[in-house]
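Trainee: For reference, the structure I am asking about is given below.
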Amino acid sequence: MIPGVQRHLEESRLSRAASALVGHRVGVHCQTTAGALVDVGNELGYVPYDSDGVPLPRTTLKRDPCKELRRYLKGGRDHPSRDEVVAVHVLTHESMHMRGDTSEASAECKAVQRDRTTATLLGATPKQAYLLAVTYWLTVYPDMPTDYVSAECRPGGALDQHLTSAPWNR
Ligand SMILES: [Zn+2]
């Protein structure tokens with residue numbers, strides 16, 4: 001398949017998953033080779049905000065997380081690499097911004113509690129999805145920069161949304 005067509009199919013799949021997480025139609029765009037020259041910052045993805053500071057319904061993911069998501073979709077769901085786990089989480093995290101959350105710590109914690117849903121939307125079995133969410137929560141989240149981490153992101157904490165999909169629920 002020619003790369004452009006493959007990217008379009010991947011973007012459609014990721015857009016469907018993100019739209020389900022956000023609750024309305026949003027678009028996921030993978031940076032192209034040429035686009036990668038234009039840096040979008042240190043994050044693996046970003047959501048543009050309008051002049052009033054309201055997040056727009058679209059996100060751009062950098063080339064690397066898009067590559068890892070492609071691997072995940074192609075069958076990496078049983079034993080996802082750390083990079084694949086992070087890439088799935090980036091899609092969840094940016095979706096939380098598209099829902100309207102502009103706080104990194106809050107968006108990050110909401111995403112932690114929905115990674116299981118994202119993995120399921122990308123074709124994971126319940127067990128595969130649970131393991132992905134737990135892996136992020138236990139091995140990636142603690143190492144995130146301080147403005148992404150909150151002591152309230154825990155069972156019973158202020159950021160606990162009491163979702164069955166939270167990684168602290170079996
Ligand atoms: Zn963010």
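Just so it is clear, none of the values below were taken in a lab; they were calculated from the coordinates. The structure displayed is predicted, hence computed values, not measured ones. Cβ coordinates were reconstructed from backbone atoms using ideal geometry, including for glycine residues, and neighbour counts include every protein chain displayed.
Trainee: At ASP78 and VAL140, where each label point lies 7 Å from the Cα along Cα→Cβ, what is the point-to-point distance in nanometres?
Mentor: My value for the distance between the label points is 2.1 nm.
Trainee: Let me ask something else. Give me P(r) over the chain, computed from all C-alpha to C-alpha distances, binned every 5 Å, as integer percentages.
Mentor: 1, 9, 18, 23, 22, 16, 7, 3, 1, 0
Trainee: Right, here's the next one. Note the full-extension length gain between THR102 and VAL54 as 0.36 nm times their separation in residues minus their Cα-Cα distance, in nm to one decimal.
Mentor: On the way: separation 48, 0.36 × 48 = 17.28 nm, distance 0.81 nm.
Going from the current span to full extension adds 16.5 nm.
Trainee: May I pose another question? What is the extension gain from ALA20 to ASN169, computed as 0.36 nm multiplied by their sequence separation minus the C-alpha to C-alpha distance, in nm to one decimal? Intermediate results must be reported in sequence, preceding the final value.
Mentor: Values: separation 149, 0.36 × 149 = 53.64 nm, distance 2.14 nm.
Using 0.36 nm per residue and subtracting the Cα-Cα distance, I get 51.5 nm.
Trainee: Hey, another quick one. Using helices alone, I'd like the mean residue ellipticity at 222 nm for the chain: each DSSP H run of four-plus residues gives -39500 (n - 2.57), total over residue count, nearest 500.
Mentor: Details: 6 runs with 74 residues, N = 170.
It lands at -13500 deg cm²/dmol.
Trainee: Sticking with this structure for a sec: Please compute the modelled spin-label separation between HIS8 and ASP64, points set 7 Å along Cα→Cβ, answer in nm with one decimal.
Mentor: 2.9 nm
Trainee: Please tell me the relative contact order of the chain in percent, rounded to the nearest whole number, where contacts are Cα pairs under 8 Å and at least six residues apart. Before the final figure, lay out each step's value.
Mentor: Working: 239 pairs, mean separation 32.4, N = 170.
That works out to 19 percent.
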